[in-house]
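Asker: Input: one structure, supplied below.
The values are calculated or read from the model by the stated rules, or taken from the named source; none is laboratory data. Note that this is a predicted model, so its numbers are computed, not measured. We place every Cβ from the backbone using ideal geometry, glycine too, and count neighbours over all the protein chains shown. Calculation scope for accessible area: heavy atoms of the full protein, side chains included, ligands and nucleic acids excluded. Shrake-Rupley method; radii C 1.70, N 1.55, O 1.52, S 1.80 Å.
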Amino acid sequence: MRSMVEGALTASSSLPDSERRRVEGATHAPTVRYLCPMTDKRELRAAMRAHRKQLAARSPEAAARAAAHVGALPPGRIVAVYRAIGSELDADALSLALERDGRNLCLPVVLELDAPMIFRRWRFGDPLELDLAGVPAPLSLAEAVTPDLILTPLLAFDDAGGRLGQGGGYYDRTFAAVPDALRIGLAYAGQQVGHLPLERHDIRLHGVLTETGYTAARKV
């Protein structure tokens, strides 16, 4: 049996010609399609990080294209965005589009490594400082708020709301602490996989926004 990593990297070359052309035209990179039973989640994360880095290099316009679909996002007055790290899909263009759309923004803040994140109000361009996890976050004087919608980066996602994160558990702990907030992934379309096996603590997304548009998660 192939490892999970080998299965994860089976890409659009296995698709029918018509679908492969559609996918590659949208993402400029193969779309991951298949996963087989998990062997090592660390290997899968490493493989998906490498895949996302390729997508970022091949699709520098993806963030702007995703922002153009801001009107397709579910309603929510206060939206949690994020400051992209590494090859995460940059959220700056979407943040500006959300502000133009009349929404209020906030950013997550790690105050304790094993606790849910909190959220502080933020406007694009406001000063930031590093939180306990070393991620840019609003200053401590900023108002603490509860978001209606949380945009989250990810390494991989599936059509049923499965999300593969970095492994720190920050977002899953936070999702559990604010269960009424809508959970929306922000990703390259090529990060979609056929199926992600979830553990008990993993919390599904309500949908994903990519450069090709917004898609609600399939109910399971």
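Asker: If H206 passes every condition in (1) in contact with a helix residue (DSSP H, G or I) (Cβ under 8 Å, 6 or more places away or on another chain); (2) of a type outside the set (S, T, Y); (3) surrounded by fewer than 22 Cβ atoms within 10 Å (Cβ to Cβ) but one, which one does it miss?
Answerer: Of everything listed in (1) in contact with a helix residue (DSSP H, G or I) (Cβ under 8 Å, 6 or more places away or on another chain); (2) of a type outside the set (S, T, Y); (3) surrounded by fewer than 22 Cβ atoms within 10 Å (Cβ to Cβ), H206 misses just condition (1).
Asker: So which residues in the stretch 99-122 are in contact (Cβ under 8 Å) with a residue 40 or more places away in the chain, part of a strand (DSSP E or B) and of a type in the set (A, V, I, L, M), if there are any at all?
Answerer: None - no residue of the stretch 99-122 is in contact (Cβ under 8 Å) with a residue 40 or more places away in the chain, part of a strand (DSSP E or B) and of a type in the set (A, V, I, L, M), so the list stays empty.
Asker: Could you give me the residue pairs with C-beta distances under 8 Å whose first residue belongs to the stretch 157-182 and is under 20 Å from H195 (Cβ atoms), whose second residue is aromatic (F, W, Y) wherever it lies, and which are 6+ apart or on separate chains?
Answerer: R163/F157; R163/Y171; L164/F157; G165/Y171
This table checks each residue for (1) open to solvent by less than 60 Å² (accessible area, probe 1.4 Å); (2) part of a loop (DSSP other than H, G, I, E, B); (3) hydrophobic (A, V, I, L, M, F, W, C); (4) modelled with pLDDT under 95.
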| residue | (1), (2), (3), (4) |
| --- | --- |
| G167 | yes, yes, no, yes |
| A176 | no, no, yes, no |
| D180 | no, yes, no, no |
| R183 | yes, no, no, no |
| D202 | yes, yes, no, yes |
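Asker: Further question: If I ask for residues that are open to solvent by 70 Å² or more (accessible area, probe 1.4 Å) and part of a strand (DSSP E or B), which ones from the stretch 128-140 would you list?
Answerer: Taking the stretch 128-140 and keeping what is open to solvent by 70 Å² or more (accessible area, probe 1.4 Å), we get 129-130, 132, 140.
Matches in the stretch 128-140: E129, L130.
Asker: Does G125 meet the test of being assigned to a loop (DSSP other than H, G, I, E, B), without any contact (Cβ under 8 Å) to a residue 40 or more places away in the chain and surrounded by fewer than 19 Cβ atoms within 10 Å (Cβ to Cβ)? If you could, list the steps in order and put the result at the bottom.
Answerer: Working: assigned to a loop (DSSP other than H, G, I, E, B): yes; without any contact (Cβ under 8 Å) to a residue 40 or more places away in the chain: yes; surrounded by fewer than 19 Cβ atoms within 10 Å (Cβ to Cβ): yes.
The answer is yes for G125.
Asker: Right, something else. Take L154 and tell me if it is crowded, with 19+ Cβ neighbours inside 10 Å, aliphatic (A, V, I, L, M) and in a loop (DSSP other than H, G, I, E, B).
Answerer: Considered against the rule, which asks whether it is crowded, with 19+ Cβ neighbours inside 10 Å, aliphatic (A, V, I, L, M) and in a loop (DSSP other than H, G, I, E, B), L154 comes out as yes.
Asker: For residues that are under 21 Å from D126 (Cα atoms) and open to solvent by less than 20 Å² (accessible area, probe 1.4 Å), tally how many sit in the stretch 64-90.
Answerer: The total comes to 7.
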